[in-house]
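Following: one structure in C-alpha cells, then a few remarks.
Each value in this text was obtained by applying a stated rule to the coordinates, not by laboratory testing. Everything numeric in this text was worked out from a predicted model, so none of it was measured. Positions of Cβ are backbone-derived with ideal geometry, glycine not excepted, and every protein chain shown enters the neighbour counts.
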Amino acid sequence: EAKKDGKSTYRFYQSFMEHHYERFLLKQELRRGIANNEFVLYYQPKVDIIQRRTIGFEALVRWNHPEKGFLSPSEFIELAEEDNTIELIGNLGLDEACKQLKCWQEEFSNKQLTIAVNMSARKFFHSDLVHQVQESISKYKLPYSSLVIEITETTAIKDFEHAVKIIQKLQSLGVHIHLDDFGKGFSSLYYLNRLPVNAIKIDRSFIQQIGQGQKENPIVNAIIAMAHSLNLDVIAEGVETNVQLKYLLGKGCHIMQGYYFSKPLPADKAGDYLRRM
Ligand code: C2E
Ligand code: CA
Ligand code: CA
Ligand code: CA
C-alpha cells in the first residue's frame, strides 16, 4: 500500500513539476518572442449596419511563433498576465495600432475610422497608461476620438474607484472606453450605472444563442434595452449569421463585429477589405 501511495505521490509531483517547467519554458519563450518582434496585430472590422459602413477595427494580437506558427491569445495571454510580459505586449500593441490607423486614415480619409485596443488589467491600472496613450496619439497625430480602449468588467471591478478615475482621465482627452465581454462577468447593475463607459460589447456567448431554437433571447434583449436606457452604445461581437444580424438590428443594436462580416485580418488584408468597401 505504502509503496503504491509513494508512487502516485511521485507521479503527482512529477506532473506538477512538468506543468511548472512547461510554464517556465513558455514564459522564457514569451520574452524571447517579444525581443524578436514576433507579436503582430490582426484587425477585425466593426460595422454599423444603419450607417452601412465600417466604422473601424478591433486590434487582436497574434504570436507568430517561429516553430508553432500563429498562436492566438488563448494560448499565451493568461501566462503573460502573470507578470509584466502582458504590459510589454500591450505597449507594442497600442503603438502599432495607432501607427496602422494613421496609415488607413490617410488612405481612406473619408471613412473616419477608429481603432479599438484591448487593455489588460495590469496595463490599465499602470500609472503610465494615460501618458502612453498621449504619446502614441501625438506621435502619429491622430484625433483622440479615434482611439477606443476595451476593458472587461473584471478589470473595472478589480479597483472600481481607481478604474473610474482612469476612465474619466482618458475620456477627458477624447478617448472612448468600451466595456468588453459584457454579461460574462458578475458585475452588478449598480456598478455599470456608475462606470462612465461609452459603450458595452455584448459577449459572444449570448450572440451565439440567437437562432438556436428560442424565438426570443431575453438576455440579449435586456442588455440592449439597458444600454439604451443608460444612453450607451451597444456593440454585438461574434455575429456569424444573417439571422443574428437581423435579430440584433430588430432590437436596436446596429454596431456589429464577427465572422459574418470578416475574420480578424492581417494589416494588408484589412487594407484590401477597406478598398473593396
Ligand atoms: P475579445 O476581446 O473578446 O475578442 C474577440 C475574440 O472573438 C477574438 O478572439 C476574435 O477573433 C473572436 N471572434 C470575433 N468574431 C468572431 C466570430 O464571429 N465567431 C467566433 N467564434 N469568434 C469570433 P482572439 O483574437 O482569439 O482573442 C481572444 C481574446 O484575447 C480577446 O477577446 C481579448 O480578450 C484577448 N486579446 C486579444 N488581443 C489582445 C491584446 O492585444 N491585449 C490584451 N490584453 N488582450 C488581447
Ligand atoms: Ca475586445
Ligand atoms: Ca469581447
Ligand atoms: Ca470575448
(Q) Quick one: 3J(HN,Hα) in Hz for the stretch 261-277, Karplus 6.51/-1.76/1.60 with θ = phi - 60°, rounded, Gly and Pro as x. (A) 8, 5, 6, x, 10, x, 3, 5, 5, 5, x, 4, 4, 5, 5, 6, 6
(Q) Rounding to the nearest 10 and keeping the result within 0 to 90°, find how far the Cα-based axis of helix 160-173 lies from the longest principal axis of the chain. (A) 40 degrees
Q. For G69, what is the net charge nearby, where nearby means another residue's Cβ is under 14 Å from its Cβ and Lys, Arg count +1, Asp, Glu -1?
A. -2
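In the chain, once you exclude exposed chymotrypsin sites (Phe, Trp or Tyr not before Pro) (DSSP loop, at most 13 other Cβ within 10 angstrom), what's the longest stretch remaining?
The longest uninterrupted stretch comes out as 1-185.
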Q: Treating the angle as unsigned and between 0 and 90°, give the value, to the nearest 10°, between the Cα long axis of helix 218-229 and the longest Cα principal axis of the chain.
A: 60 degrees
Q) By count of other Cβ within 10 Å, fewest leading, how are D180, D272 ordered? A) D272, D180
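For the cross-link pairs K68/K263; K111/K184; K27/K111, which exceed 30 Å when the distance is taken from alpha carbon to alpha carbon? The partial results should precede the final answer.
Numbers: K68/K263 21 Å; K111/K184 32 Å; K27/K111 40 Å.
Where the Cα-Cα span goes over 30 Å, the pairs concerned are K111/K184; K27/K111.
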Q) For labels at E107 and S145 in the simple 7 Å Cα→Cβ model, what's the distance in nm? A) 2.5 nm
Q: Could I have the simple spin-label model distance between Q209 and F16, label points 7 Å from Cα toward Cβ, reported in nm to one decimal?
A: 3.9 nm
(Q) About the Cα centre, and with charges only on the beta carbon of Lys, Arg (+1) and Asp, Glu (-1), how big is the dipole of the chain? Nearest 20 debye, please. (A) 520 debye
Q | Relative contact order (%) - the stretch 1-141, alpha-carbon pairs under 8 angstrom, separation at least six | A | 21 percent
Q.
With +1 on the Cβ of every Lys and Arg and -1 on the Cβ of every Asp and Glu, and nothing else charged, how large is the dipole of the stretch 132-228 about its Cα centre, in debye rounded to the nearest 20?
A. 200 debye
Q) Of S229, Q257, N242, which is farthest on the positive side of the dipole of the stretch 212-263, counting Cα position, with +1 on Lys and Arg Cβ, -1 on Asp and Glu Cβ, and the Cα centre as origin? A) N242
Q: Looking at the chain, send over the antiparallel percent of its DSSP beta bridges, to the nearest 5.
A: 45 percent
Q: Take every Cα pair under 8 Å in the chain that's 6+ residues apart, average their separations, divide by the length, and report that relative contact order as a whole percent.
A: 18 percent
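With charges set only on the Cβ (+1 for Lys and Arg, -1 for Asp and Glu), what does the dipole of the stretch 16-123 come to about its Cα centre, in debye to the nearest 20? Write down the numbers at each step before the final one.
On the way: 14 positive and 17 negative charges, 95 e Å.
Dipole about the Cα centre, nearest 20: 460 debye.
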Q.
From the alpha carbon gyration tensor of the stretch 94-204, can you work out the equivalent ellipsoid semi-axes (sqrt of 5 times each eigenvalue) and give them in Å, largest to smallest?
A. 25, 15, 11
**Q.** Relative contact order of the stretch 97-176, pairs being alpha-carbon contacts under 8 Å that are 6 or more residues apart, as %
**A.** 35 percent
Q. Given R₀ = 30 Å, FRET efficiency for L92-Y260 by Cβ-Cβ distance, to 0.05?
A. 0.50
Q: For K158 paired with R52, estimate the spin-label separation in nm (one decimal), with each label point 7 Å from Cα along the Cα-to-Cβ line.
A: 4.3 nm
Q: Excluding D180 itself, calculate the net charge of residues whose Cβ lies under 12 Å from the Cβ of D180, where each Lys or Arg counts +1 and each Asp or Glu counts -1.
A: -3
Q.
Shape verdict for the stretch 176-277, please, from the Cα gyration tensor: rounded (a/c under 1.5), prolate (a/b greater than b/c) or oblate.
A. oblate
